[in-house]
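Input: a single structure, listed below in structure tokens.
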Amino acid sequence: MMQDSLVELLYNEAQKALENAIAPYSGFKVGVALQAEGEIYRGCNVENPSLMMSECAERVAILKALSEGKRSIKAIMIIASDGKYCYPCGGCRQLILEFAPEADIYIASDNGIKKYKIEELLPYSFRSPGR
Ligand code: THU
């Protein structure tokens, strides 16, 4: 698949995911789509009245892919409902480092799409001992 068409596909899928977000407490909806071994997985944030139990969209999408046996995540797209660039939280960066170290990370806003690698978003990272 051409890179541009993958980006477009992931953008559209992340928009769909955003519509499913459950964010009554923050009012901030996030949608993610990723490609892993030819399949697309979507995720949205899911908040809970016990706020510590809320899940980020990135985490949902990555865990969906992993739990379906996918181990190679090629690209991740992140979109937020406020139209601004939504940079993943620290915890999700650590998850990406561990399970999607090679992924192109696309962050979309109303002003365009930026592309990163996890090393840029999480420098001086903690890595599993022994790896
Ligand atoms: N959130 C995500 O889902 N992904 C991010 O990258 C940043 C934050 C969610 C968590 C919470 O439901 C809401 O956005 C506000 O923090």
Log entry, pairs with first residue in region 53-71 being of a type in the set (Asp, Glu), second being not in a strand (DSSP E or B), beta carbons closer than 6 Å, six or more apart or on different chains, reads Glu58/Pro88; Glu58/Cys92
Filtering region 70-90 down to residues that are within 10 Å of Glu58 (Cα to Cα) and either surrounded by fewer than 19 Cβ atoms within 10 Å (Cβ to Cβ) or hydroxyl-bearing (Ser, Thr, Tyr) (or both) yields Cys89
Checked against (1) touching a strand residue (DSSP E or B) at 6+ places or on another chain (Cβ under 8 Å); (2) closer than 18 Å to Asp4 by Cα, Phe28 satisfies every condition except (2)
If we keep only residues of region 1-43 that are outside any loop (DSSP other than H, G, I, E, B) and within 11 Å of the ligand (Cβ to nearest atom), then the residue nearest to the chain's Cα centre (by Cα) is Val32
Over region 48-67, the set of residues buried (at least 16 other Cβ atoms within 10 Å of the Cβ), within 11 Å of the ligand (Cβ to nearest atom) and assigned to a helix (DSSP H, G or I) is Ala57, Glu58, Arg59, Val60, Ala61
message = Any residue at all in region 80-98 that's within 23 Å of Glu8 (Cα to Cα) and in a strand (DSSP E or B)?
response = yes
Filtering region 99-113 for residues that are part of a strand (DSSP E or B), without any contact (Cβ under 8 Å) to a residue 60 or more places away in the chain and surrounded by 13 or more Cβ atoms within 10 Å (Cβ to Cβ) leaves a count of 4
Exercise. Can we say Gln35 is within 27 Å of Phe126 (Cα to Cα) and among the polar types (S, T, N, Q)?
Worked result: yes
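All of the numbers you see were taken from the coordinates with simple rules; none came from a lab. Just so you know, these numbers come straight off a predicted model, no measurement behind them. So basically every Cβ, Gly included, is an ideal-geometry build from the backbone, and we count neighbours across all protein chains shown.
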